[in-house]
Structures are given as structure tokens and as C-alpha cells.
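J.: Here it is, the structure, as C-alpha cells.
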Amino acid sequence: MHELDELAPVVAQLEAVAATEHLTRAAEQLGIPQPTLSRSMARLAQRLGTPVLAPDGRGVRLTRAGRLLAEHAGRAAGELRAGLAAVAAETDPDSGRVVLGFLHSMGPVAVPRLVRGLRADHPDLRVGLVQDAAGVIVERVLAGAVDVGLISPAPDDRRLGRRDLARQDLVVLVPSEHRWAGRTRLAPDRLAAELGAEPMITMRPGFGLRTLGDALFARLGLTPRYTFESEDLATVAGLVAAGLGIAVVPTGSGDPGLTREVAIADPTAVRTISAVWAADRSLAAPAAVLRRHVLDHGAAAFG
């Protein structure tokens, strides 16, 4: 690396000589004395073991070795300039790129609300979206592939920054013709026995709602009888509507014409929506814009 650091300014000098084909004009362009440039070219030739310049009338021309080095250096410099321009565009707070991660259940309403507001305030900001399970979103946040994640539940991880945005009650979703359809809630003393007798539709392991449901059943001392595991909350609600089972879901997840919500008489039956980001590194300017928007408007989006 030390040798590359030493060669970089010398190669830039060689490019200037190649462009002007004149040591004096190249030195003026570089802002250095002409003798300094001549000595630099001589040292470069000595290091390479072959001349890089040859006299040509009142000017100079590059030798074959000099042209080869200048061509490769030019391509490298062009790639570097392109990379710097790409980074500048990516980190521009007004027109850079951000990535928001979120759970599948947040896709129909909450995330579109947030993105709509973000684009209204920052119309040139480029927004990427990642929809997946909570565990996957956390992994991508920590890896730097997602700037801000919306998840539930949020793990107790010091590597994550976190802000709770909203709380949603968990309810039992049943088909409209189910015998519980007319009930308002499941009583605490009968909760485990009644839920345990029903076939249940749920999310696959790793999804936040499945984690919350399993935790609730563990507190009740209940082993649920799962009949289908899905990756999509809308599918869970649809299968409940079809009469294939019941489900524990956030309130507002079903179709009021086909399903009914029954409250769970347990204060722990809630889903807390949290925004998370990597705590061990500073957010780029566009990502900071995204985080501020999510923190300012997240509660309303989930309301």
C-alpha cells in the first residue's frame, strides 16, 4: 500500500505529460516547477527499469511503457471518479437512496402511508423496500443492507438503535359463522382451554407474529394445534374466513364481512411496532432523513 501511495501522484504527473506532450506546460498545469516534474519522471523510469518519456522535437512523447502505464492509470482514475460520483449521489440527503425494511403485515396500509409522506417531503429521494420476516430484517439492518427496519417484536440487541412507534392489540380472528362470532372477548379463566380446542392458522417460525403468538401460548401453558403455517398475514386471514381455523392476529387484519374479532383478556396480548437501525455506525444523510420521517410519522401510519 505504501508503494501505491507513493506512485499515485507520480502517475497523475505522467497523465498530465501525456495530455500536453510538454514538460513545461504539464508542470504549469500541475502547479509544480518544471525541474521537479523532470526529476519525478526520471525516478519513475528508474523504478520501472525503463524510460517513460522520449524527446520529440521541442516536446516529449511517452514511450511504449509510459503509454501502457498512463492508459491503465487513466482507466483506474475514471473508475475512481465514477465511484466517487456514485457515492455522492447515493449519500445526497435530497436525492440519495434509502432502504426501508418491514414485515409483510405492514405492506397493505402502514408502509404505503409512510412512503407516500416521505416522497411528498423528499420527491427526489430514491426508496428501496425489503419485505420479510423480523429476523431477516434485523440481519439486513446489521449488515447495512437496510437503513431502517419496522419490526415486531424487536430483539434486545445492543447493536440496534430502537424506537417503539405503536401498540396493536392482538385478537382472535374467527370465521363469521363461528360459535364465538358473537362474543366480545375470551375470559381469562377459560382462555387456554378454549384456544387449545381450536385448529389454528399461524405464520411460519421466524415471523414476528408467530413469535408473539408462541409467547402468549407459552404464558398460558397452551400447546396450540397449528393446521397451517403461512408467510403472509392476508393468507392467514383468508384461511380463517374459509373456516379452516382461527388465528391470533393484530386487530384490523380480517375482513369484517367474513371474519370477526374476539378480544383476548390478557394485557400482554399486544404487538409493539418498533423502528430499528444499526447503532454502531452513523447513518448516511439520506438514511437519517428516512429515520426522522419514520420516527415523526410512524405512530400515525400505524394508527
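The values are calculated or read from the model by the stated rules, or taken from the named source; none is laboratory data. As the structure is a prediction and not an experimental result, all values here were calculated from the model. Counting neighbours? That spans all protein chains shown, and the Cβs are built from the backbone with ideal geometry, glycine included.
J.: Would you check if Arg210 is in the same structural domain as Leu186 (by TED's automatic domain parsing), charged (D, E, K, R), surrounded by fewer than 16 Cβ atoms within 10 Å (Cβ to Cβ) and in a helix (DSSP H, G or I)?
T.: Values: in the same structural domain as Leu186 (by TED's automatic domain parsing): yes; charged (D, E, K, R): yes; surrounded by fewer than 16 Cβ atoms within 10 Å (Cβ to Cβ): no; in a helix (DSSP H, G or I): yes.
No, not satisfied.
J.: When the residues of region 141-181 are filtered to those that are assigned to a loop (DSSP other than H, G, I, E, B) and without any contact (Cβ under 8 Å) to a residue 12 or more places away in the chain, which remaining residue is farthest from Gly238 (Cα to Cα)?
T.: The first filter runs over region 141-181 and keeps only residues assigned to a loop (DSSP other than H, G, I, E, B), leaving 144-147, 152-159, 176-181.
Cutting the leftovers down to without any contact (Cβ under 8 Å) to a residue 12 or more places away in the chain gives us 156, 179.
Working: Asp156: 33, Arg179: 18 Å.
Ranking the qualifying residues of region 141-181, first place goes to Asp156.
J.: Restricting to region 118-140, give me the number of residues that are in a helix (DSSP H, G or I), in contact with an Asp or Glu (Cβ under 9 Å, 6 or more places away or on another chain) and in contact (Cβ under 8 Å) with a residue 60 or more places away in the chain.
T.: Of the residues in that region, 1 qualify.
J.: Tally time: how many residues in region 129-157 are farther than 20 Å from Thr211 by Cα, surrounded by fewer than 20 Cβ atoms within 10 Å (Cβ to Cβ) and not hydrophobic (A, V, I, L, M, F, W, C)?
T.: Of the residues in that region, 1 qualify.
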